[in-house]
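Read the figures in this text as sums done on the coordinates, not as results from a lab. What you are looking at is a predicted structure, and each value in this text was computed from that prediction instead of being measured. Positions of Cβ are backbone-derived with ideal geometry, glycine not excepted, and every protein chain shown enters the neighbour counts.
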Amino acid sequence: MLKNIHIILVETSHTGNMGSIPRAMKTMGLTNFYLVNPLILPDHRLLHYQLAASDVIGQATIVKTLDQALLGWSLVIGTSVRDRTLSWPQVTLRECGEKTVRQAINSPVAIIFGCQRVGLTNEELQRCQYHLHIPTNPEYGSLNLAIAVQLNSYQIRMAYLAINEKNPR
């Protein structure tokens, strides 16, 4: 089930995030990592961040466009700290974890995180069925990208464990 969940970063510009995010993913059992048009490519500087998650970054899929990254997904959830004037169905972190895990039982799911500077564009968010907005302090709401991925990965893990408790093998 967790193998069907993919974390996608759009236009990543900081090697720290490229290293910290796979580590955050792996601690929660996620291993499928996509980089869309990264502004810098993974390099030796990642060694400081990746520690035991070198397999996740080493197997990352790098593509030029978001369209290439989104081929074949049954569910796509886009993340954003900003409220939008256009309306998308929104999910909370917990709902995102539950929807992701339920869908991943049978088909692939993608969760997209935008570039560090401006997040996902409206055009990118329109490719998603849901918009995940993490309610942060309105006076300073910007989360570090790796922390946002960690929060989301944790909720996915909790939903995964809840399903496995109900349906042990």
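Phi angles of the range 7-22 translate, via the Karplus equation with coefficients 6.51, -1.76, 1.60 and θ = phi - 60°, into HN-Hα couplings of 9, 10, 10, 9, 6, 5, 10, 9, 5, x, 5, 4, x, 6, 5, x Hz per residue; Gly and Pro are given as x. In the chain, Cα pairs under 8 Å separated by at least six residues give a relative contact order of 31 percent.
Each residue of the range 87-100 was assigned a 3J(HN,Hα) from its phi angle through the Karplus expression (A = 6.51, B = -1.76, C = 1.60, θ = phi - 60°), giving 9, 10, x, 9, 10, 7, 4, 5, 4, 4, x, 5, 4, 4 Hz with x at Gly and Pro. Selection among His133, Ser153, Asn164 by position relative to the dipole of the range 103-169 gives Asn164 as farthest towards the positive end (Cβ unit charges, Cα centre). For Leu132, the amide hydrogen comes within under 5 Å of the amide hydrogens of Gly78, Thr79, Ser80, Val91, counting only partners 5 or more places away or on other chains and with H modelled in the peptide plane. Under the convention that each Lys and Arg Cβ holds +1 and each Asp and Glu Cβ holds -1, the size of the dipole of the chain around its Cα centre is about 380 debye. Straight-line cross-link reach from Lys99 at under 21 Å between alpha-carbon atoms covers these lysines, not counting any fewer than eight positions away in the same chain: Lys3, Lys26, Lys166. Radius of gyration (Cα atoms) of the range 76-169, expressed as a multiple of 2.2 N^0.38 Å: 1.12.
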